[in-house]
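*Asks:* Sharing a structure below in structure tokens format, with a few things to ask.
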Amino acid sequence: MAKGEIVLGCLAPHPPHVVYAENPEQNEAFSEGGWETLRWGYNRLARKLKTIDYDAMVIFTPHWQTYIGTHFLGLPEFKSKSVDPVFPNIFRFNYDISVDVDLAEKMCEVAGESGIVTKMMRNPDFRIDYGTITSCHMLNPEWDKPLVTISSNRNAHYYSPEVMNEQAGALGLACAKAIEDSGKRVVLISSHSLSHRHFVTESPLPEDMSREHIYNHSQYVWDMKLVDMMRGGKMREVIDIMPEYTEQTIAETEAGGLTWMMSAMGYPDYSAEIYGYQSVIGTGNLIAAWDPMEATREIVL
Amino acid sequence: MTEPDILFGVYCPPHPQPLLSPEASEGYGNLRDAYETCRKRIEESEADLILVYSTTWPSIIGHQIQAHPEPEWVHVDDDFHFLGSMPYKFRIDVEFAEAFRDAAEARGLQSRTVAYDGFPIDTGSVVALKLLNPENRIPACIVSSNMYANRAETIVLGKSARDAIQGQGKKAVVVVVSSLSNRMFTEHIDPAEDRIHSAKDDEWNRKILEFFDDGRLEDLSQLSREIHGQIRVQKVVAYKPAWWMSATMGQHNNYTGEVLAYEALHGSGGAVVMLTPSSETVGDKEFDEDDVEHYHGDRGVLDKGAL
């Protein structure tokens, strides 16, 4: 069996607003659009994914929060409705997803062997979080690839962003080994915003783009610092400053997703593909990808 | 003006073990028995509303209030999914929910009702309502805990609840769903060996329970910042339940407190406490923080001075 490999890593933010704005048939709410910079970036990255041969998507989500270890979805099918507890007015999504249980079990096993506390989630009534659904829908609206969803263990809450960085890095190494052992070609998805301070009010029409801007300039400057480093292929340095960045911007990187993905990909020293940056209800959202194949790597923006 | 008719308050933990696995340890069983005592008291009371403030329902856009007349789903906890599913169907007092929203807005808060099929009611609310009001004999209402809200906003939210109870002439039982210390073990444990995560957490929990036992609710409210720093995992900006409970029930120490159970829940501190308004008091103290009546939003200090 050939060794498995990571064929692409995607930073894919999950504000439900982008799904709402797309008006897919699965979502009950209807919009007049909005957040085009992000949506068009997502559309372009989705087109790139269509050109890549892969077996499964593995997504690390901040909205399945666990405090007792790292959990993995462990049943082949989940079909239900996901309603965003914060933005129920815009996201009520009927989903029908398949899971690559073999790959999930392999990741759980290898992570466990490396000393990480793990658990398979096998309750059929479990509801899939809106982070997983938003990122996966925007990257693959056809939903024709199986997923593995990994919960985010909240080390930053219990200990510190430094501990989060170490633990998420170890999980990334374990997942990379599991992928290699599986013989599968896998797309990794780190599902989160960058800076993550929200406005606590919402305009009467959520998609009113005249009201949308970053929460404050400090958040913007920090986000751009990270984008510049990503363009420069400095992912080791990005992860090194992650604790400082996370604390300064209340960033959603606190969940560990970017650290997990960069660790699994060996901290790329090549340029990230930048697909778009835009604020959503004050938070900073970047769509980016890391393509290990130099021949297909692009300068997008 | 007459005072709102708040019959008593219940402080109880959000974890699912007392509902799903009370037999797994003596402690979980004790908590379940304490819930049962509260259930009977509620049943025997003349309450026509159970108002729940849940720390496991975080909100961002202001304060959300459940207003679906019969929310129904099968809930599964993110961490404790292996303990089983929690099917629920509740009876919500929609008229009260709307009055609560209006009262919150009248005091300057951003607030909205939510009434969507499949809305994910949180673990804490599900556990509390299933154990305290299993037959839905009394209509309920649930309010979220805004993740950015601090003292002023939370106290004003409590006063809004009080306004709505008074305005509607309800006889209310106030339920706060929150652990005491909230640090859980980060490994899977044998429930029979469950204990409070650290001696420090245990000591603080017992101090808090002394206050509850003495009926010193407002004193606890004033201690909230200290409690947050000492025994709360820093997930949100502040420990808010005592602020909300005191502002809703009445900001004083005139209560009869009953600590019905105190046990570990995967390392965190779980207590079931009842507080009944009383004429007896341990006395009120002078405090140096303003009592807030109206929420004016962010103060915009960054815009007012040169940096």
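No value in this document is a laboratory result; all are computed from the given coordinates. All values reported here derive from a predicted model rather than from experimental measurement. Here the Cβ is made from the backbone with ideal geometry for all residues, glycine too, and neighbour counts use every protein chain on show.
*Asks:* Using amide H atoms built in the peptide plane, which far-off residues or other-chain residues are under 5 Å from A:Gly284 H to H?
*Replies:* Amide H neighbours of A:Gly284: A:Leu194, A:Ser195, A:His196, A:Arg197.
*Asks:* Okay, next question. Quantify how strongly other chains surround peptide B:107-116 by giving the mean number of their Cβ atoms within 10 Å of each of its Cβ atoms.
*Replies:* Details: counts 0, 0, 1, 4, 0, 3, 0, 5, 1, 9.
Rounded to a whole number, the mean comes out at 2.
*Asks:* Order of A:163-169, A:77-83 by packing, highest average Cβ count within 10 Å first?
*Replies:* A:163-169, A:77-83
*Asks:* Continuing with this model, one more query. What shape does segment A:5-296 take by its C-alpha gyration tensor, where a ≥ b ≥ c are the square roots of the eigenvalues and a/c under 1.5 counts as rounded, a/b above b/c as prolate, and the rest as oblate?
*Replies:* rounded
*Asks:* Roughly how many Å is it from the Cα centre of segment B:26-102 to that of segment A:114-173, as a whole number?
*Replies:* Comparing the Cα centres of segment B:26-102 and segment A:114-173, I get a distance of 28 Å.
*Asks:* Separate question: Given H placed on each backbone N at 1.01 Å, which residues far from A:Ile150 in sequence or on other chains put an amide H within less than 5 Å of it?
*Replies:* So A:Ile150 has HN proximity to A:Ile59, A:Phe60, A:Thr61.
*Asks:* Can you run phi through the Karplus equation (6.51, -1.76, 1.60; θ = phi - 60°) for segment B:254-264 and list ³J(HN,Hα) in whole Hz, with x for Gly and Pro?
*Replies:* 8, 9, 9, x, 9, 8, 8, 6, 9, 9, 7
*Asks:* Please report the antiparallel percentage of DSSP beta bridges with both residues in segment A:5-296, rounded to the nearest 5.
*Replies:* Of those bridges, close to 45 percent are antiparallel.
*Asks:* Sorting check: for B:72-84, A:203-215, which peptide has the highest mean count of neighbouring beta carbons within 10 Å, and how do the rest follow?
*Replies:* B:72-84, A:203-215
*Asks:* What is the sum of charges, Lys and Arg at +1 and Asp and Glu at -1, for the other residues whose Cβ falls under 12 Å from the Cβ of B:Ile155?
*Replies:* Net charge in that neighbourhood comes out at -1.
*Asks:* Through the Karplus equation 6.51 cos²θ - 1.76 cosθ + 1.60, θ set to phi - 60°, convert the phi angles of segment B:11-21 into ³J(HN,Hα) values in whole Hz; use x for Gly and Pro.
*Replies:* With coefficients 6.51, -1.76 and 1.60, one gets 10, 8, x, x, 5, x, 4, x, 7, 9, 9 Hz.
*Asks:* While we're here: May I ask for the net charge around B:Arg91, where only other residues with Cβ less than 15 Å from the Cβ of B:Arg91 are counted and Lys, Arg are +1 while Asp, Glu are -1?
*Replies:* Working: positive: B:Lys89, B:Lys130, B:Arg137, B:Lys170; negative: B:Glu43, B:Asp48, B:Glu70, B:Glu72, B:Asp93, B:Glu95, B:Glu135.
So the surrounding residues net to -3.
*Asks:* Using a 10 Å cut-off around each Cβ of peptide B:182-191, what is the average number of partner chain Cβ atoms that fall inside?
*Replies:* Mean number of neighbouring Cβ atoms from other chains: 3.
*Asks:* Looking only at chain B, where both bridge partners belong to it, what percent of the DSSP beta bridges are antiparallel (to the nearest 5)? The partial results should precede the final answer.
*Replies:* Details: 18 of 42 bridges.
Taking every DSSP beta bridge within chain B, about 45 percent pair in antiparallel fashion.
*Asks:* Same structure again: Hey, can you grab everything whose amide H is under 5 Å from the amide H of B:Ser198? Only 5+ residues off in sequence or another chain; H modelled, so Pro and N-termini drop out.
*Replies:* Placed amide hydrogens put nothing under 5 Å from B:Ser198.
*Asks:* Around B:Phe119, what is the net charge, scoring Lys/Arg as +1 and Asp/Glu as -1 over all other residues with Cβ under 14 Å from its Cβ?
*Replies:* Taking every Cβ under 14 Å from that of B:Phe119, the sum is -1.
*Asks:* When ranked by the protection proxy of mean other Cβ atoms within 10 Å per residue, highest first, what sequence do the peptides A:272-285, B:195-208, A:96-109 form?
*Replies:* A:272-285, A:96-109, B:195-208
*Asks:* Quick check on chain B: helices-only [θ] at 222 nm, where DSSP H runs of length 4 and up contribute -39,500 (n - 2.57) each and the sum goes over total residues. Nearest 500, please.
*Replies:* The helix contribution divided over chain B gives -10500 deg cm²/dmol.
*Asks:* Please give the average number of partner chain Cβ atoms lying within 10 Å of the Cβ of each residue in B:73-85, rounded to a whole number.
*Replies:* If you average over the peptide's residues, the count of other-chain Cβ atoms is 6.
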